[in-house]
Amino acid sequence: MTLDVAIDQDLPEKILAENRRVHALESGLYLQRHPEQTNFFQTNVLRSALDRLDTELGKPQSEILDLGCGTGYLTLPLLARGHRITGVDLSKQMLEVLQQQIPRSAKSRSACIEMGVEAFLETDSKTVNAVVMSALLHHLYDYESTVRKICGKLTSGGCLLIFFEPLKQKIASSLRFKLHTLLARMDESFYKRVMRLKNIPLFAEDYELSDYQRRFGGIDPNRLIEILRSMGMEIIDTQKYCSRRYGLPACFATHLLGTQNTFNLLAKKK
Ligand SMILES: C[S@@+](CC[C@H](N)C(=O)[O-])C[C@H]1O[C@@H](n2cnc3c(N)ncnc32)[C@H](O)[C@@H]1O
């Protein structure tokens with residue numbers, strides 16, 4: 001009993017430490033190692049999510065926070081759209097890669113803060129027009145309280161975009177799930193061969209605690225919606241789809257098999 005309590009107390013710090021360590025390894029080749037974020041299918045999903053965000057924001061120079069910004073997957077296209085972005089990430093190495101990619105013309109509209117989002121939300125009191133995050137929530141020990149605090153950072157009419165999170169949901173059809181698993185195996189085995197050919201090391205065995213919410217099957221969008229509504233947010237859009245390393249299997253799984261493993265959510269403060 002005493003031991004359980006001791007382990008629990010250390011867990012949040014261990015998760016942060018492992019996230020720092022694995023993302024230091026990932027940094028330089030992060031997006032090459034994660035083609036599921038850059039294939040044609042996902043690129044279209046990203047473009048339409050940012051178009052929708054722009055429509056809801058309704059003004060070109062919005063003040064936006066990108067939490068867990070990494071190497072700039074959301075920061076860079078949002079800067080290209082004319083917004084002012086502050087990226088927050090606990091990985092110095094991921095932020096260094098991002099900083100090298102920010103065009104000189106956009107430097108004055110960007111800032112990078114090396115900090116855990118939990119500590120950032122405790123100490124930063126500024127409000128913003130939007131908070132965006134891609135593939136962050138599943139890395140957090142307590143994503144629910146983080147989401148509640150994020151709602152407090154938004155101005156009235158401000159938007160929250162939660163993007164590219166692993167979807168937690170019940171299996172609806174065991175046959176479709178078997179086909180989904182088969183496709184996933186083929187996609188993954190092709191991916192491993194490509195990475196070997198390109199000499200890009202993979203760090204699967206280094207991820208033990210850092211993808212913490214995957215241990216519980218991912219993030220349940222229904223729970224998120226409940227939390228967001230209780231914080232005075234209106235749900236504008238949710239999108240569920242199947243992410244795969246490559247665009248064709250992602251298209252096939254989403255549109256023909258109808259299986260889903262990833263979601264995005266856009267909400268707005270009333
Ligand atoms: C899966 S990567 C996604 C990066 C980027 N948002 C993207 O979509 O390409 C997760 C990022 O979150 C950062 N991260 C993980 N836990 C964090 C925390 N508690 N506070 C701040 N950043 C965190 C990692 O350093 C990493 O850059």
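Values in this text are rule-based calculations from the coordinates and carry no lab data. This structure is a prediction, so every number in the text was calculated from the model and none was measured. Using ideal geometry, Cβ is built from the backbone for each residue, glycine included, and neighbour counts are taken over all protein chains shown.
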Under a point spin-label approximation (7 Å from Cα along Cα-to-Cβ), what is the residue 248-residue 175 distance to one decimal in nm? 2.5
Let's see if you can work this out: charge +1 on each Lys and Arg Cβ, -1 on each Asp and Glu Cβ, no other charges. What is the dipole magnitude of the chain about its Cα centre, in debye to the nearest 20? 1000
Computed FRET value (nearest 0.05) for residue 229 with residue 61, which takes r as the C-beta separation and R₀ as 30 Å: 0.55
What order do you get for 55-62, 241-248, 71-78 when each peptide is scored by the mean count of other beta carbon atoms within 10 Å, highest first? 71-78, 241-248, 55-62
Okay, helix-only estimate at 222 nm for the chain: each DSSP H run of n ≥ 4 adds -39500 (n - 2.57), divide by all residues, round to 500 deg cm²/dmol; what do you get? -13500 deg cm²/dmol
Over the chain, relative contact order from alpha-carbon pairs under 8 Å, at least 6 apart, %: 23
As an exercise, use a Förster radius of 25 Å and the Cβ-Cβ distance of residue 237 and residue 145 to find the FRET efficiency, rounded to the nearest 0.05. 0.55
Efficiency of FRET from Cβ geometry, residue 122 and residue 209, R₀ 22 Å, rounded to 0.05: 0.50
By the mean-Cβ-within-10 Å protection proxy, highest first, 213-219, 196-202 rank as 213-219, 196-202
Answer in debye to the nearest 20: the dipole magnitude of segment 55-129 about its Cα centre, from +1 Lys/Arg and -1 Asp/Glu charges placed on Cβ, is 480
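On a 18 Å Cα-Cα criterion, which of the cross-link pairs 168/270; 126/153; 168/269 come out too long?
168/270; 168/269
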Ranked output for segments 257-269, 227-239 by mean other Cβ atoms within 10 Å, highest leading, reads 257-269, 227-239
Less than 16 Å from a label point 7 Å out along the Cα-to-Cβ axis of residue 255: which backbone N atoms in segment 22-42 qualify, by residue? 39-42
